[in-house]
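Worksheet: one structure, shown below.
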Amino acid sequence: MAEDTNSPMDRFCGSTFWNSTETWFTNDPDFTPCFEQTVLVWTPCAFYWLFVAFDFYYLKASLDRNIPWNKLNVSKALVNVGLLVITALDLIMALIKKGGDSQLPLYDLDVWGPIIKFATFLLLFLFIPLNRKYGVQTTGCQFLFWFLLVVLSIPRCRTEVRLDTERGKILSSEEATEQDFSWEEYQFASFFIFFTFSCLMLILNCFADGLPRQTKYQRGENEIPELSASFLSRITYQWFDKMALKGYRNPLEEKDLWDLRPQDSCSEVMPIFAHHWNQNVRKNYRSKTRVEPKAQFSNGHVTFENPHGEKNGRKKGMASIMPPIYKSFGGVFMFGALMKLFTDVLTFAQPQVLSLIIGFVSDQEKDPQPEWKGIMYSVLLFILAAAQTFILGQYFHRMFIVGLRIRTALINAIYRKALRISNSTKKESTVGEIVNLMAVDAQRFMELTTYLNMIWSAPLQIGLALFFLWQQLGPSVLAGLAVMIILIPVNGVIASRIKTYQIRQMKYKDERVKLMNEVLSGIKVLKLYAWEPSFEKQVLDIRDKEIATLRSTAYLNAGTSFLWSCAPFLVSLVTFATYVLIDENNVLDATKTFVSLSLFNILRFPLTMLPMLITNLVQTQVSVNRINKFLNSEELDPNSVHHDPSKPHPMTIENGEFSWGDEITLRNINIEVRKSSLVALVGTVGSGKSSVVQAFLGEMEKLAGHVNTVGKLAYVPQQAWIQNATVRDNILFGQPYDRKRYNKVIDACALRADIDILSAGDQTEIGEKGINLSGGQKQRISLARAVYSDADLYLLDDPLSAVDAHVGKHIFEEVIGPKGVLARKSRILVTHGVTFLPQVDSIYVMKMGEISESGTFDQLVKNKGAFADFIIQHLQEGNEEEEELNQIKRQISSTGDVPELLGSVEKAIKLARTESLSDSISVTSADSLMGGGNGSLRRRVKRQSSHDSVASAASLKKKQEVEGKLIETEKSQTGGVQFAVYKHYIKSVGIFLSLATLILNFVFQAFQIGSNLWLTKWSNDDRVANDTGLRDMYLGVYGAFGFGQVLSYFVCSLALALGCIYCSKLLHETLLYYVFRWPMELFDTTPIGRVVNRFAKDVDTIDNVLPMLWRVVISQAFAVLATIVVISMSTPIFLTVIVPIAFLYYFAQRFYVATSRQLMRLESVSRSPIYSHFSETVTGASTIRAYNVGNRFIDESDAKVDKNQVCKYPSVIANRWLAIRLEMVGNLIILFASLFAVLGGQTNPGLVGLSVSYALQVTQTLNWLVRMTSDIETNIVSVERIKEYGETKQEAAWELEQDKSKPKNWPEEGRVEFQNFQVRYREGLDLVLRGVSFNIKGGEKVGIVGRTGAGKSSLTLALFRIIEAAGGRISIDGVDIATMGLHMLRSRLTIIPQDPVLFSGSLRVNLDPFEIKTDDEIWKALELSHLKSFVKSLAAGLNHEIAEGGENLSVGQRQLVCLARALLRKTKVLVLDEATAAVDLETDDLIQKTIRTEFRDCTVLTIAHRLNTILDSDKVIVLDKGQITEFASPTELLDNPKSAFYSMAKDANLV
């Protein structure tokens, strides 16, 4: 080699560094040895040194430690040592053999080459023990380093082998001179040893190291393989194969899923987020006083600071969730952004290679280039595409992880906040809206993260594209750009319109779902009143508004998609037209045309994405604002209650003033509760008794005064809050199970009998809000929970209201009273009863939110104040038993001179002695088993009343566990979605519109291909250069083609959108129709959340998600077909490859869809528990706070979120797994299309350009296609679920033809007759009534009594046909009720149900939903039900808005509203279901009086437990175990000492 030392590199090597004749202008290319030994070795080294930071980061971030030595890392170390040795040897040999005395000069390369390699290998060697120590099982940088090293050493292999053969020739030839080849021989040997070792290292780096010994989190059997997968397996997602295969063979189930990666779990994500959130909150306060520690952990719990701050800290503005999100998850995000940058750059390399290929083809005729160049271009195109595939895969994966983590963080932050919001905040939003924050808004973030990088990437791509276009077409590009820029504001305008519509649609959706929620909660009442049509109409009215909004959105969407579909075409048309018209000399040739076209295609994506991204961003901004508003809302002040142990008494309030957020509710409150004393709070309805209890709990806003409690609290709310868990879990409430204590508590709270009745004992699952328990049972379970918690202070808010007298007495004696379990504790008891007052230590009498007097029983009686009035009032009702009255009499007479009180007591005793109590049909009753205390917020008026008593004996033998399940688990269908579902959907859309869409899409593609072929013809036509007429003709036809495209696409997207809307309208109507007509049993076994989910999530999917998916799928499918057509036209041989490629594609797709669909289903099933647990928590927040178990609930919520992630993560990976495999298929298409074009001797550069530019797009299209088809399969499940609800069992028809013949005022007499009547609650359960026969004459008053579970309620339910007969018949006025329409029957009977259920809306709608009564009639009813003065006092009168569940009325008032409903309806038959359980004595009295007078001549059936309420009725029915044991007048039965009624009366001390 000639020593040519003209460049520094030449000098460095001592030989030529670059020789283009040898490398490029030749048919046999090769590099120079100098280039091979410097650039090709140093590139990998430089790469590694650049990215070694990542390796250090992984060491730091690793959660594991200590991988044991194993074959793999030992061999790595050994091979690495080998490499170090050989490199060191290179240096030593160079120093020995060259320079100095030897005739070979020593060049810099001989010294620096080995040193650089040695340093790099040493660094790699150091990482072997480091990775072992820190538990890093694989690193990408090292794998890439070895990969690059091996690939780049291949040219040198070829060179060395050639040189060796040349040396062999020289040596074997005759004139073997005295040349010394020893150095070259050494280099040959050393290089091949080096190369072998490098290959070994590459192979070793394909595997991951063993499992670490120490891990931060337990790594179970089921751990996710990703954690121990090698780098290679990670970038190809090969570790997912097992799951894909399993999912393909049979549908995946929950047990097949892997555990969550620890770094994605709540316990890792939350502390980081909380730390940044707290920092951000603190920034918002000017007060520099508090210096806080870093993230606060209290025993492993994360605390969030209250953005509302101390009452005094001045506030600068809202704390936003955005900064904490950036800070917590920004790192991974930035790394993703870096990858995005790489792929963007790679995208633009493709058109450059395309222009080389077109150049290569067009040279074929005149001056052909060597064939290897063509092949090289094709391979280069493939490599670029493949690199892009892998990097994009990782990018999306990273982004999804960030999305998941953000969602986790937000859900948890919202959950933690919901446990602490103040009452005024709670008033602002319903439970549904708060749940929506979690379900919709947090979800939105997750969907956005993937696209967020488009904010900078899109402008970058647009800029690069324009730069390259400028090179091709010069300034004409500006014309095209102008078109794009004009389109952007147009789109912006449309987008903002769409946004307003979307917000409107969201509002309607919220309204609709909220209404449905209430309707479903109160469905039993609606059925009893036959009110469904009114509410069905309300829902449909909202839905119509929603559909109208959707329709407007559809028009606008068609507009945008039309603009975007014609944008690329318009742009190319304008650009090409400008280009050829500016200057005669500008001629379009193939290179210009197709490179420009492929650049325009690249441009299309960012331009489509930007507007979408902007609308998405705006939506997310709305979500951010909603979440911010919630997270910044006011919290309960944790310091409103002090815990100062130095105070003399455990519970005190001094000069307290409290409010519920608006006007003052309580004033001048002074209460002290001494240690181990029992204090009673009494007073009329609405006097503020419960509010005092809430004040002790810190639930009210404290305006002034001082509240102090010392010790652990337990709280029994007025409306028991029951979790959806087993009875035992409800009582233990997170405490450890202690059998002795548990049994003691159960006996004390009189729960033993109830638990024996329940099908699975105390392992029976209680439905949502305790629907399968009666009010009394709920109340007692709530009490048992308090007693079991073994607290120091007890706040009992009227726990005895829902239970009947003897149970109440038992509970008072055993639990609350001076001899009860709680005797050593400090207790506050809110009560309505007088009976127990003599036994309490002190009494506070509440009146109008103030304490009117206080003292012991004796003192108060002497005072003759409010308390004495209260007692007189109470005694007049005469519903106390004689024994108790005597006790009160003794108590009062002992206090000395209170004649008027004694007088009223005497009177009451006389009354009690004469069994028949004048003519009252008093309705008081408060059976143990049912009562007003019914689960709070959205109260379900459900009650699986006592059906199990009878069932129990038979069924206890069965497996308890199974029996205890009430709620059927949500089915997640397995296997493919049946074709029937698609057929159902297409039918709903309509055949005509479906076909029109397909045909129009076909036309659109035809126009597109036509215009492109025309371009080819134009660019290949040489005559155009001289003939302007010809040129204009070409331009005109091109424009015409474009116009066709635009028009066909517009019509097509419109047809599709309208079809989909029509379909969603239809589907919602059927769903609504069927759900309203479900029999009651279905509502009992289906949790309300699940049905609401159908109306919210599934309907939303059909409204918003499916139309978009269909549009994309149809257009993409046609695009793929078009691509295949075009490539085959250019290179027919391509058709041979298409078959195997299609095969690969199909397999990837089938594997994926099977797995992914099932994962999605599992994910959606695991999502609902998060929300139902959340709404349960919001409902029971005050109880949770009182018991101070917030942390346990937070943990439960975290566990549910984690479980949801377990299902979500694999489905994200499945997407990537598929994308990589599919894109490789697409890349193969690119490879073959370009190879055939190059090798097939194709001479038409236009066609080649066209086919390759189509091929370049195909990857994206294929990818989208599978993704969208599988999305459709996933989302069509919504149609399937709605269809499934449409095929459920229905109750009997509402209206029948023959009903119309019945008179308006039927039933005229009100005769009720039961003939051998049998009934059961559900298929497969035992009979509850077994052959009951009796006859009631019109106008008779009948009392129905019996022990719990005797079938009393079943009787009324059967009368209303809520449960259908299993045998026998009921007739009213001689008409068999089974032959009537349900509404006919139900609207002609009146019931005052046991649970007062109100719906949100005006008071008027609550009384008369069909708006058929006049105002006068309504006022009359209100007057009779003693509500007139109350309603008159309201600003809005009859239009007073009632809150969800009637929260803004007291329980007593709600009960009176139900009475008013009954009065308005006033039919011949009235049923009273223990109607006055939760009402204080005054209200009780009012109701009884009203019923006595207003329903004098009606048939009245009263279900009672307190016998004195029915002693005056005409007949008594005694039920036992579903049969009538006695049916006669009360006097008759009491004369017979053997009768069951007599023994009951004896128990109640009535005889």
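Selection of first residues in region 573-585 that are touching a residue at least 12 places away in the same chain (Cβ under 8 Å) and open to solvent by less than 40 Å² (accessible area, probe 1.4 Å) and of second residues that are outside any helix (DSSP H, G or I) and of a type outside the set (S, T, Y), restricted to Cβ pairs under 9 Å at least 6 apart or on distinct chains, gives the following pairs, ordered by first then second residue: F576/L588; Y579/N586; Y579/L588; V580/N586; V580/V587; V580/L588.
Scan region 653-674 for residues that are more than 11 Å from I828 (Cα to Cα) and open to solvent by 10 Å² or more (accessible area, probe 1.4 Å) and the total you get is 12. Of the helices (runs of 4 or more DSSP H) lying entirely inside region 14-128, those carrying at least 2 residues that are basic (K, R) and touching a residue at least 12 places away in the same chain (Cβ under 8 Å) are 71-97. Every condition in (1) surrounded by fewer than 21 Cβ atoms within 10 Å (Cβ to Cβ); (2) in contact with a helix residue (DSSP H, G or I) (Cβ under 6 Å, 6 or more places away or on another chain) is met by A558 except one, and the failing one is (1). The test for being farther than 30 Å from N1093 by Cβ, in a helix (DSSP H, G or I) and open to solvent by less than 20 Å² (accessible area, probe 1.4 Å) does not hold for V1266. Residues that are open to solvent by 40 Å² or more (accessible area, probe 1.4 Å) and within 16 Å of Y715 (Cα to Cα) within region 806-824 comprise just one, V821. Of the residues contained in region 1173-1193, one or more are found to be open to solvent by 50 Å² or more (accessible area, probe 1.4 Å), of a type outside the set (K, R) and either at pLDDT 85 or above or touching a strand residue (DSSP E or B) at 6+ places or on another chain (Cβ under 8 Å) (or both).
Selection of region 111-130 for residues being within 18 Å of S75 (Cβ to Cβ), open to solvent by 30 Å² or more (accessible area, probe 1.4 Å) and of a type in the set (F, W, Y) yields only F125.
Selection of region 1104-1127 for residues being among the hydroxyl-bearing types (S, T, Y) and either open to solvent by 20 Å² or more (accessible area, probe 1.4 Å) or not in a helix (DSSP H, G or I) (or both) yields only S1115.
A search for C-beta distances below 7 Å between a residue of region 694-716 that is over 10 Å from L793 (Cα atoms) and any residue that is surrounded by fewer than 19 Cβ atoms within 10 Å (Cβ to Cβ) and of a type in the set (V, I, T), counting only pairs 6+ apart in sequence or on different chains, returns L703/I664. Scanning region 178-196 for residues that are at pLDDT 90 or above, touching a helix residue (DSSP H, G or I) at 6+ places or on another chain (Cβ under 8 Å) and open to solvent by 60 Å² or more (accessible area, probe 1.4 Å) turns up just one, I193. Residues of region 1391-1430 being among the acidic types (D, E) and open to solvent by 20 Å² or more (accessible area, probe 1.4 Å), which ones? Answer for region 1391-1430, where residues must be among the acidic types (D, E) and open to solvent by 20 Å² or more (accessible area, probe 1.4 Å): E1411, D1415, D1416, E1417, E1423. Within region 360-382, the set of residues being part of a helix (DSSP H, G or I), open to solvent by 20 Å² or more (accessible area, probe 1.4 Å) and under 20 Å from W24 (Cα atoms) comprises S362, D363, Q364, K366, E371, W372, I375, M376, V379, L380.
Could you please find all residues in region 211-224 being of a type outside the set (A, V, I, L, M) and crowded, with 16+ Cβ neighbours inside 10 Å? Spell out how you get there, then give the answer.
Initial filter on region 211-224 (of a type outside the set (A, V, I, L, M)): 212-223.
If the condition is that a residue be of a type outside the set (A, V, I, L, M) and crowded, with 16+ Cβ neighbours inside 10 Å, then P212, T215, Y217, R219, E223 are the ones that fit.
Out of all the residues in region 803-824, is one or more part of a strand (DSSP E or B) and in contact with a helix residue (DSSP H, G or I) (Cβ under 8 Å, 6 or more places away or on another chain)? For region 803-824, residues part of a strand (DSSP E or B) and in contact with a helix residue (DSSP H, G or I) (Cβ under 8 Å, 6 or more places away or on another chain): absent. Of all residues in region 221-240, those satisfying the criterion of being in contact (Cβ under 8 Å) with a residue 40 or more places away in the chain and within 28 Å of the chain's Cα centre (by Cα) are I224, E226, L227, Y237, F240. Being at positive phi, modelled with pLDDT of 90 or more and surrounded by fewer than 20 Cβ atoms within 10 Å (Cβ to Cβ), is that true of even one residue in region 699-708? Looking through region 699-708, at least one residue is at positive phi, modelled with pLDDT of 90 or more and surrounded by fewer than 20 Cβ atoms within 10 Å (Cβ to Cβ).
How about region 307-357: which of its residues are within 22 Å of S623 (Cβ to Cβ) and either open to solvent by 70 Å² or more (accessible area, probe 1.4 Å) or modelled with pLDDT under 85 (or both)? Reasoning before the result, please.
Here is the first cut: in region 307-357, the residues within 22 Å of S623 (Cβ to Cβ) are 307-308, 317-330, 332-333, 336.
Scanning region 307-357 gives P307, H308, G317, M318, A319, Y326, K327.
Anything in region 1438-1452 that is at pLDDT 85 or above and either part of a helix (DSSP H, G or I) or open to solvent by less than 30 Å² (accessible area, probe 1.4 Å) (or both)? List them, or say none. Residues satisfying the conditions are L1438, N1439, I1442. All conditions in (1) surrounded by fewer than 23 Cβ atoms within 10 Å (Cβ to Cβ); (2) touching a His at 6+ places or on another chain (Cβ under 6 Å) hold for A1366, with the sole exception of (2).
Answer yes if at least one residue in region 69-90 is open to solvent by 50 Å² or more (accessible area, probe 1.4 Å), in contact with a Cys (Cβ under 8 Å, 6 or more places away or on another chain), more than 18 Å from F207 (Cα to Cα) and among the hydrophobic types (A, V, I, L, M, F, W, C), and no otherwise. Before you say what the answer is, go through the steps one by one.
To start, the set of residues in region 69-90 that are open to solvent by 50 Å² or more (accessible area, probe 1.4 Å) comprises 69, 71, 74, 78, 81, 85, 89.
Among the residues that remain, those that are also in contact with a Cys (Cβ under 8 Å, 6 or more places away or on another chain) are: none.
Checking region 69-90: not a single residue is open to solvent by 50 Å² or more (accessible area, probe 1.4 Å), in contact with a Cys (Cβ under 8 Å, 6 or more places away or on another chain), more than 18 Å from F207 (Cα to Cα) and among the hydrophobic types (A, V, I, L, M, F, W, C).
When region 829-849 is filtered for residues that are in a strand (DSSP E or B), open to solvent by 20 Å² or more (accessible area, probe 1.4 Å) and at pLDDT below 90, only K847 remains.
Residue count for region 1293-1348, restricted to those that are assigned to a loop (DSSP other than H, G, I, E, B) and β-branched (V, I, T): 1.
For (1) open to solvent by less than 20 Å² (accessible area, probe 1.4 Å); (2) within 26 Å of A1292 (Cα to Cα); (3) in contact with a Leu (Cβ under 7 Å, 6 or more places away or on another chain); (4) modelled with pLDDT under 90, each residue gets a yes or a no:
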residue: G474; (1), (2), (3), (4): yes, no, no, yes
residue: I488; (1), (2), (3), (4): no, no, no, yes
residue: S496; (1), (2), (3), (4): no, no, no, yes
residue: Y508; (1), (2), (3), (4): no, no, no, no
residue: M516; (1), (2), (3), (4): yes, yes, no, no
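Counting only residues that are among the polar types (S, T, N, Q) and touching a strand residue (DSSP E or B) at 6+ places or on another chain (Cβ under 7 Å), region 611-643 holds 2 of them.
The values are calculated or read from the model by the stated rules, or taken from the named source; none is laboratory data. What you are looking at is a predicted structure, and each value in this text was computed from that prediction instead of being measured. We place every Cβ from the backbone using ideal geometry, glycine too, and count neighbours over all the protein chains shown. Note: accessible area is taken over every heavy atom of the protein model, side chains too, but ligands, DNA and RNA are not part of it. Shrake-Rupley method; radii C 1.70, N 1.55, O 1.52, S 1.80 Å.
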